[in-house]
Each structure stands twice: as C-alpha cells, then as structure tokens.
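**Q** After the structure tokens below, expect a handful of questions from me.
The values are calculated or read from the model by the stated rules, or taken from the named source; none is laboratory data. Note that the structure is a prediction, hence the values are computed from the model and not measured. Neighbour counts are summed over all protein chains in view; Cβ atoms, including those assigned to glycine, are modelled from backbone coordinates with ideal geometry.
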Amino acid sequence: MRRLHAGVTLVGFCALLVTLGAPWWNVSLESGAIIPVSGVTASPLASSLFAVGAAALGLTFVLRGPWRRLVSILQGISCGGAAYAVYALSGRPEVAVLSEIGSLTGVTGASALDAVVGAQATAFLWVGVLGITASILSGALGAVMPDRAATTDRFQRSAEMVDPKDSVATWDDLSEGSDPTTR
C-alpha cells in the first residue's frame, strides 16, 4: 500500500510540476493571434491549492497516526478544490487572459471577449488532469493507509539479557560470542 501511495503521489505531483507552466489552452483571436493560457495563469486559486496540497504531502511523510490521516485528507480536499477551480475555468479559458486580449486588440473589459474566435485544449491540459486526479487519489490513499508497525531496536534485546548498568557483563557477553546484531 505504501508503494502504491508513493507511486500515485510521484505521478501526480510530477505531472503537475511539468504542466503548470505549460499552455493548457490556446485562445485564438479574430486577428489570427494565439494566446496561450498556462495552468498557472489560468487560475491563481488552483495554483495556491496545489501548493497547499504539496505542503500537505510533505507533512504526510513526517507525521504518523491520526495527524497523518488528517493532513492526507487536507491534501485531497485542497487538490479537489484545485480541480474544481480548473473545471470552472474550462468553460471559458479566455477569461484568464482578458488583459492580454485587451492589450492586443485595444478593447478592454468584457467587450474584449468578442474578439475571441475560440479556445482549444492542448495535451498539457489532459496531463494536468491526470496529475490532479492522481493527487486526489494520493490524499485518499494516505488517509486510509495503515501506519507502519512499530519496530524494535535490534540492540535492545541484548541489553535486556544483561543488566544495562553492568558494562562488564555486556563485554563478557560479547566475549562469549553473543552477537547483539542478530535477530
């Protein structure tokens, strides 16, 4: 389960790191100009929520027990919120580059959208969607993943056999051939 969680996490956040700066949509104007809309410029809210998800991911490797589960749930929720922000923008991605449209056409405000012919999704959008989905799944896996079993210190057993205050007895055990590193 840990390997699955690590693999899904690695796929999700690597896909997002690769695609956030890449163009997710290409907005075509009547003048023939094409304005790329990257994942970062598309939605600052989504980028911020991805950063929260990445920070939560880092904490899941440090925390244990209910705190790790809580932070994993936070990771899933923040990546889900980012997914919703990207989905809400997918209907009209040209809104994200309204100021650039205004600087190219000379028309500002909502009337600048009249110069838009259409917006086409690129392959980076679908890689980003894969990354978002994997990040949400990573949060869900982290929330249900069991903690590691408590391991014992292999030197602890030999110390239990001999009085820890008696260092001479510990050396005598070593001299007799007792290996404290074996299980």
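**Q** Consider VAL162 against the criteria (1) touching a helix residue (DSSP H, G or I) at 6+ places or on another chain (Cβ under 6 Å); (2) buried (at least 16 other Cβ atoms within 10 Å of the Cβ); (3) modelled with pLDDT of 75 or more: it satisfies all of them except one. Which criterion is unmet?
**A** Of (1) touching a helix residue (DSSP H, G or I) at 6+ places or on another chain (Cβ under 6 Å); (2) buried (at least 16 other Cβ atoms within 10 Å of the Cβ); (3) modelled with pLDDT of 75 or more, only one is false for VAL162: (3).
**Q** I've got another one for you. Which one is surrounded by the most Cβ atoms within 10 Å (Cβ to Cβ), of the residues in the range 80-90 that are hydrophobic (A, V, I, L, M, F, W, C) and farther than 30 Å from ASP147 by Cα?
**A** VAL86
**Q** Does VAL86 meet the test of being in contact with a helix residue (DSSP H, G or I) (Cβ under 6 Å, 6 or more places away or on another chain), in contact (Cβ under 8 Å) with a residue 12 or more places away in the chain and of a type in the set (Val, Ile, Thr)?
**A** yes
**Q** Still on this model: Mind counting the residues in the range 1-47 that are part of a helix (DSSP H, G or I), touching a residue at least 24 places away in the same chain (Cβ under 8 Å) and within 20 Å of VAL95 (Cα to Cα)?
**A** 7
Residue-wise test of (1) closer than 30 Å to LEU113 by Cα; (2) at pLDDT below 85; (3) surrounded by 18 or more Cβ atoms within 10 Å (Cβ to Cβ).
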| position | (1), (2), (3) |
| --- | --- |
| ARG2 | no, yes, no |
| HIS5 | no, yes, yes |
| ALA22 | yes, no, no |
| VAL27 | yes, no, yes |
| SER38 | yes, yes, yes |
| SER48 | yes, no, no |
| LEU57 | no, yes, yes |
| GLN75 | no, no, yes |
| SER78 | no, no, yes |
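**Q** For a quick check of your reading of the model, give me the residue pairs whose first member lies in the range 106-134 and is closer than 16 Å to SER28 by Cα and assigned by TED's automatic domain parsing to the domain that holds GLY53, whose second is surrounded by 15 or more Cβ atoms within 10 Å (Cβ to Cβ) and acidic (Asp, Glu), with beta-carbon atoms closer than 8 Å and at least 6 apart or on different chains.
**A** LEU113/GLU94; VAL116/GLU94; ALA119/GLU94
**Q** Quick check on PRO93: is it farther than 20 Å from ILE136 by Cβ, assigned by TED's automatic domain parsing to the domain that holds GLY12 and crowded, with 18+ Cβ neighbours inside 10 Å?
**A** For PRO93, the condition - farther than 20 Å from ILE136 by Cβ, assigned by TED's automatic domain parsing to the domain that holds GLY12 and crowded, with 18+ Cβ neighbours inside 10 Å - is met.
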